[in-house]
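Below: one structure, written as structure tokens.
The values are calculated or read from the model by the stated rules, or taken from the named source; none is laboratory data. Here the structure is a predicted model, which is why all the values come from computation and not from measurement. Counting neighbours? That spans all protein chains shown, and the Cβs are built from the backbone with ideal geometry, glycine included. Heads up: the accessible areas ignore ligands, DNA and RNA and are worked out on the full protein's heavy atoms, side chains in. Shrake-Rupley method; radii C 1.70, N 1.55, O 1.52, S 1.80 Å.
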Amino acid sequence: MISINKQAFIHAMKNDSNLAIYVSTTFALLATLGFQEVIRGTLKPEHFMYALLVSFFFVLWAVIDRKFRKS
């Protein structure tokens, strides 16, 4: 089980609203994918890895976009 400091997590979420958007979008994507796969009966770990990879690249794109828009 992963142990995290809840207060540090809540503080980070309050200070960076984009982080809250990225985290909630990733969870929503994984939950939607999970429900759809269970209903269709095609639950595969590769699909979850793909969803995490897409979420990672979305965050990377947003970080790069933020960096270049400030300068």
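List of remarks:
- Our estimate of slack between Ala20 and Arg69, defined as 0.36 nm per intervening residue step minus the Cα-Cα distance, is 15.6 nm.
- Spin-label model, Phe48 to Phe35: label points 7 Å out along the Cα-to-beta-carbon direction sit 1.7 nm apart.
- With all protein chains kept in place, the per residue accessible area of the range 18-68 amounts to 77 square angstrom at a probe of 1.4 angstrom.
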